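Okay, so here's the structure we're looking at.
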Amino acid sequence: MNAPNKSDFVKVSECGKYGLLPNTELWKIAGEHSYMAGYVMTPENIEFAVDEAEEEMRCLLADARIEFGL
């Protein structure tokens, strides 16, 4: 799946790292690789969804560090 273009997003987070598509998909758009980070029920909740996506990624990375000794 290709990452959407910046013009496809209906809202971008305050930090500018995440964008929201009309179908409620939350995408991380900053950095070398973009990826779908979750779903948002209403655009007003984008900042909460960004916080949750960031926390989920921190937990996944911590688990990987433990499992693979990184």
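FYI, it's all coordinate maths here, none of it is from the lab. For clarity, every value in this text was computed on a predicted model and none was experimentally measured. Reconstructed Cβ throughout: ideal geometry from the backbone, glycine too, with neighbour counts over all protein chains shown.
With percent of Cα pairs over 16 Å apart in mind, check (1) 67; (2) 47; (3) 56 and report the label derived from this structure.
Comparing each candidate, only (2) matches the computed number.
Report, in debye and to the nearest 20, how large the dipole of the stretch 6-68 comes out about its Cα centre when Lys and Arg carry +1 and Asp and Glu carry -1 on their Cβ.
Computed about the Cα centre, the dipole is about 240 debye.
By how many degrees, 0 to 90 and rounded to 10, does the Cα axis of helix 46-68 deviate from the longest principal axis of the chain?
20
Within the chain, report the GluC sites (Glu not before Pro) that DSSP leaves as loop and that have at most 15 other Cβ atoms within 10 Å.
Glu14, Glu32
Testing the spin-label approximation: label points 7 Å from Cα along Cα→Cβ at Ala3 and Met36. State their distance in nm.
Between Ala3 and Met36, the label points sit 1.6 nm apart.
Which far-off residues, 5 or more places away or on another chain, put their amide H under 5 Å from the one on Lys11, with H placed in the peptide plane?
Residues meeting the criterion, in which the H sits 1.01 Å from N, are Leu20.
Which whole-number percentage describes the relative contact order of the chain, with Cα contacts under 8 Å and a sequence gap of 6 or more? Write out the running numbers ahead of the final one.
On the way: 78 pairs, mean separation 13.6, N = 70.
Relative contact order comes out at 19 percent.
Take the Cβ-Cβ distance between Glu55 and Glu14 as r, set R0 to 25 Å, and report the resulting FRET efficiency rounded to the nearest 0.05.
According to the calculation, E is roughly 0.90.
Skipping prolines and chain starts, which residues have an amide H placed within reach, meaning under 5 Å, of the one on Ala37, given they are 5 or more residues away or on another chain?
Under 5 Å from the amide H of Ala37 lie the amide H atoms of Leu26, Trp27, Lys28, each far enough along the sequence or on another chain.
Just grab the label-to-label distance for Glu67 and Asn23, each label 7 Å out from Cα along the Cβ direction, in nm (one decimal).
For Glu67 paired with Asn23, the spin-label model returns 2.8 nm.
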